[in-house]
1. Nothing charged except the Cβ atoms of Lys and Arg (+1) and of Asp and Glu (-1): what's the magnitude of the dipole of the chain about its Cα centre? Round to the nearest 20 debye.
2. With all protein chains present, how much of the accessible area of the chain (probe radius 1.4 Å) comes from carbon and sulfur, to the nearest whole percent?
3. Please give the solvent-accessible surface of Thr201 in Å², to the nearest 10, using a probe radius of 1.4 Å with every protein chain present.
4. Please list Lys79, Lys62, Lys57, Lys132 in order of solvent-accessible area, largest first, computed with a 1.4 Å probe with all protein chains present.
5. I want to verify a result. In a Gaussian network model of the chain, Cα cutoff 10 Å, which of these has the top mean-square fluctuation: Leu185, Leu120, Leu87?
6. Under 10 Å, Cα contacts only: if you run a Gaussian network model on the chain, which one of Ala152, Ala122, Ala100 comes out with the highest mean-square fluctuation?
7. Can you list residues from other chains, or at least 5 along the same chain, whose modelled amide H is less than 5 Å from the amide H of Val198?
8. Just going by the charge dipole of the chain, with Lys and Arg at +1 and Asp and Glu at -1 on Cβ, which of Ile199, Ala100, Leu187 is farthest out on the positive end?
Amino acid sequence: MLHRIGVLLSGRGSNFEALADSIAAGRIPGAEIALVIGNREGAPGLARAAARGIAAKAIPSKGLAREEYDRVVVDELRKAGVELVCLAGFMRLLSPYFVAAYPQRILNVHPSLLPSFPGLEAQRQALEYGVKFSGCTVHLVDENLDAGPILAQAIVPVRDGDTDETLSARILVEEHRIYTEAVRLILSGEYRIEGRRVIATGKTS
Ligand code: GAR
């Protein structure tokens, strides 16, 4: 049986596409994307999913209380048999209800080296702070913003001439790479969690 992944997104969906490409290329053995949910009607990521023949559904979050919305989404994920949830540019904090429904089975990608620069516009925050290195993080999701145990990180140097756009573009390349690594690790089951530390236990680690 393939591991069924559910992807949640709000916009462009390049991280979703990177995961779909990795699965198609055999880089995440035993996985399939069962469902993509977007919280904004017309999110380009939904059209990209549909174009690949992957089930895609808009469930608009506007006007709904956080948990009310999350209950609808969790219902859909369960109906689709989803066991692992990947947030891919999903710009909403999850409720404790959602986190408890998929304990240590929700991943998020964030465009900074956490715990630096959580929240919105992480790349702009990094530039404005003046750091010389930034990067990206894939982590397990808990009830707090961009805060769960870290699965993978990559460093991206900040260049003097960088703008928000150029830095974001270089970070994005690394996001796509480490998201695949993190999903592969989680699905392999070859890790243990000690406090906040995720320690790989596989032969290749
Ligand atoms: C990515 O850079 C992702 O790290 C970021 O949104 C972008 C989505 O791009 N997520 C966050 O900032 C979450 N806090 P995509 O739609 O092309 O994957």
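1. Working: 24 positive and 24 negative charges, 88 e Å.
That gives the chain a dipole magnitude of about 420 debye.
2. Working: 5320 of 10060 Å².
The computed percentage sits at 53.
3. 70
4. Numbers: Lys79 155, Lys62 190, Lys57 80, Lys132 130 Å².
I get Lys62, Lys79, Lys132, Lys57, largest accessible area first.
5. Among Leu185, Leu120, Leu87, the largest mean-square fluctuation in the Gaussian network model of the chain belongs to Leu120.
6. Among Ala152, Ala122, Ala100, the largest GNM mean-square fluctuation belongs to Ala100.
7. It is Ile150, by chain and number.
8. Among Ile199, Ala100, Leu187, the one farthest towards the positive end of the dipole of the chain is Leu187.
The values are calculated or read from the model by the stated rules, or taken from the named source; none is laboratory data. Not measured: the values here are computed from a predicted model. Using ideal geometry, Cβ is built from the backbone for each residue, glycine included, and neighbour counts are taken over all protein chains shown. Protein only, heavy atoms only, side chains kept; ligands, DNA and RNA dropped before computing areas. Shrake-Rupley method; radii C 1.70, N 1.55, O 1.52, S 1.80 Å.
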